[in-house]
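Working notes for the structure below.
The values are calculated or read from the model by the stated rules, or taken from the named source; none is laboratory data. Keep in mind that what you see is a predicted model, and the values were worked out from it rather than measured. Methodologically, a virtual Cβ is constructed for each residue, glycine included, from the backbone with ideal geometry; neighbour enumeration extends over all protein chains shown. Surface areas here come from the heavy atoms of the whole protein model, side chains and all, with no ligands, DNA or RNA. Shrake-Rupley method; radii C 1.70, N 1.55, O 1.52, S 1.80 Å.
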Amino acid sequence: MEFKEVVLPNGTKKVECIHCKVKLCINATESTTQFNRHLNWCFRRKASMRQQHISFPSIGNDVPTTILPTLSGKFDMLKMRELIAHWVLMHERPFTVVEEEGLNNMMKYGIPGWTPVSRHTCKKDYINVYESENAKLKTLLKTMTKISLTTDLWNSGNQKMEYMVLTRHWIDSTWRLNRRILNFVRLPPPRTGIAIADGIFKFLMGWGIENKVYTISVDNALSNDVAIKVLKENFEVSGKLLCGGKLFHVRCCAHILNLIVQDGLHQIRHIINDIYECVSYINNLENRLKVFPRVKERDINYHNNPSDEDWEKVEKVCEVLKVFSGSTKLISRSDYPMSNLFLKEVCAVKCILDSKSESKDDFIRVMVRKIKQKFDKYWGECNVLMFVAAVLDPRLKMRVIQWAFPKMYYEAEGRANMVTVWDALYELYGEYVQGNQGLTIACASTSQGDGHGAIGEVAAVEGAEAWDDFSTFLDLVETAEPSQSKLDCYLGEGCHKCVGDHDSFDALQWWKANSTKFPILSTMAREILAIPITTVALESAFSAGSRVIDSYRASFSPATVEMWLCGCDWCRTLNGVKKWCKKEEDEDHLEIQLLVVSSYGSQQIG
């Protein structure tokens, strides 16, 4: 119904638009042309139709979520308060923002039923949102069998406190990469490895996931090495670590690259300082177009002009650092890369270091050999996770091992490492098969009872029921792997050939498409590829922490900090907000206000 018949005080009958309340005359011929013409330009009707489909978009690698429901025409202030709490958390706004006169004037104009919200009410609503999302997260964690974690420490300069952040990573049922901050908790001194391990284990018990941990990714601090050793010993007692714990400790690749590059740049630190000082000096001049030597001739205050030899050295160093730049871009992008992508980067770094370490240039040879020494310290041993993840990339399989090992190791060492990777791959797959077997047999036993009764039951059922029972029988007897396992089949097939852009290939989508063909192996691939190879994803939490715990919020208690930082992360994910920046914040601030007015105003005004 778009119109309704009304009778005016003078007795005249007219038709009224239910959207804009405009009254139209009824023609004697009962023509409806004027009604159709009105509907075509009725702005209230168009606005109402648009608002029926309002939802926040999902972000690239997260679970798609719709926050705003289809509007029923009834204003709900409680729902508005919940959305306001989401808005405040998403964009890290102060609670006092809801008391701004301009915001409330606009809302009152657009929504006659609007009730101003105080900062105290907003804080209560934000606590409710946090507790609600916390409960949802606990429920989700209960359904998961294996969880990969990253952890790191961050010092708040304004509070003079150190916090530990714990983040989990997984690939959901739609084969999308996800991550959530679980804890952002103060770690009191002394911050020893044992204290870090105790803190992590306490957090895991709080979430009920202490027996589900697959891997933990950390940077290369000595205290973290101790913490991981303690945790690994604790988990091994319960026998919950897959592959004998070979994958449990994941070193942050970004941190390793940084250490390697810093060692190399130490050779030219005085040149770097001179270039930094001269660039800073030139930037402060009104005329910035002068070249460095000319500035030295004309400006008596300029003292840091690099020599021609210095510039040549810098140019040579840049050639070596170019390969590190590509690797850094890969592992530092906002959506953390899957673990299958890093082997080729490490191999490229190894090749350039081997080549330059034999350079005829004494300066480059000395510098690169120092870098290579640090590289071999961290990647000289066989990195099982990196190689297994690469094999689970259908473009690479075992061929990438045959290609990379001769470049990375001497012949005997390469053969030994290949055996290590092969054994680990099959050991891991065997544990997945065994775990799946137990689940299938348990389900079949529950449905069939003992073996003697099953035969009689098969004879008793007919038609479709017999086929259902036969399917259950197949699940039971065909669970055991045949002489050639699905892993053998996967490795025996040729590597997947990409069509088009090789870098745009998504291994997860390939495994999703082939999950029926490789049911157990696809589960293994999904959980291996979710393991983060870097702790860079934690930097977003630290940058958010530095904004939240500013000089005005330094009085926040550690419990409030955790609630705020976790709530911010969860709400940004829930509402499809990927990252914070000042420009985006100002635009979103206005956009959400206008969205609310347009959502409810069209139904309330008039």
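Of note:
- Within segment 378-405, residues that are of a type in the set (D, E, K, R) and at pLDDT 90 or above sit with their Cβ atoms under 7 Å from residues that are in a helix (DSSP H, G or I) and open to solvent by 20 Å² or more (accessible area, probe 1.4 Å), at 6+ positions apart or across chains, in these pairs: Lys397/Leu491.
- Where a residue in segment 133-158 is in contact (Cβ under 8 Å) with a residue 60 or more places away in the chain and over 17 Å from Gly208 (Cα atoms) and its partner, wherever it lies, is among the hydroxyl-bearing types (Ser, Thr, Tyr) and surrounded by fewer than 17 Cβ atoms within 10 Å (Cβ to Cβ), with Cβ under 7 Å and at least six apart: Asn158/Ser551
- Residues considered: Asn128, Asn134, Asn158. Of these, the only one that is under 22 Å from Leu565 (Cα atoms), open to solvent by 20 Å² or more (accessible area, probe 1.4 Å) and under 20 Å from the mean Cα position of the chain (by Cα) is Asn134.
- The C-beta contact set for segment 8-33 (first residue within 23 Å of Arg45 (Cα to Cα), second residue polar (S, T, N, Q), distance under 7 angstrom, 6+ apart or interchain) comprises His19/Ser48; Leu24/Gln34.
- Selection status of Asp354, at pLDDT 85 or above and either more than 36 Å from the chain's Cα centre (by Cα) or in a helix (DSSP H, G or I) (or both): yes
- Subset of segment 85-105 (residues that are in a helix (DSSP H, G or I) and either open to solvent by 50 Å² or more (accessible area, probe 1.4 Å) or under 15 Å from Trp564 (Cα atoms) (or both)): Ala85, His86, Trp87, Val88, Leu89, Met90, Phe95, Thr96, Glu99, Glu101, Gly102, Asn105
- Some residue of segment 290-307 being under 30 Å from Ala389 (Cα atoms), surrounded by fewer than 16 Cβ atoms within 10 Å (Cβ to Cβ) and at pLDDT 80 or above: no
- Scanning segment 525-540 for residues that are open to solvent by less than 10 Å² (accessible area, probe 1.4 Å), outside any loop (DSSP other than H, G, I, E, B) and either at pLDDT below 65 or of a type in the set (Val, Ile, Thr) (or both) turns up Ile528, Leu538.
- Residue in segment 188-207 that is open to solvent by less than 20 Å² (accessible area, probe 1.4 Å), more than 27 Å from Cys243 (Cβ to Cβ) and touching a strand residue (DSSP E or B) at 6+ places or on another chain (Cβ under 9 Å) present: no
- Test: Met144 is modelled with pLDDT of 90 or more and either hydrophobic (A, V, I, L, M, F, W, C) or buried (at least 16 other Cβ atoms within 10 Å of the Cβ) (or both): no
- Remark: Ser238 matches the filter, which requires a residue to be of a type in the set (S, T, N, Q) and open to solvent by 20 Å² or more (accessible area, probe 1.4 Å).
- Within segment 175-226, the residues that satisfy the criterion of being aliphatic (A, V, I, L, M), assigned to a helix (DSSP H, G or I) and modelled with pLDDT of 90 or more are Ile194, Ala195, Ile196, Ala197, Ile200, Leu204, Met205, Val226.
- Whichever residue in segment 308-335 is in contact with a Lys or Arg (Cβ under 9 Å, 6 or more places away or on another chain) and in a loop (DSSP other than H, G, I, E, B) and, among such residues, is modelled with the lowest pLDDT: Ser334
- Residue that is most open to solvent (accessible area, probe 1.4 Å) [pool: residues in segment 342-376 that are of a type outside the set (Asp, Glu), in contact (Cβ under 8 Å) with a residue 24 or more places away in the chain and more than 23 Å from Ala254 (Cβ to Cβ)]: Val366
- Residues within segment 492-524 that are within 25 Å of Asp172 (Cβ to Cβ), assigned to a helix (DSSP H, G or I) and either open to solvent by 30 Å² or more (accessible area, probe 1.4 Å) or in contact (Cβ under 8 Å) with a residue 40 or more places away in the chain (or both), tallied: 14
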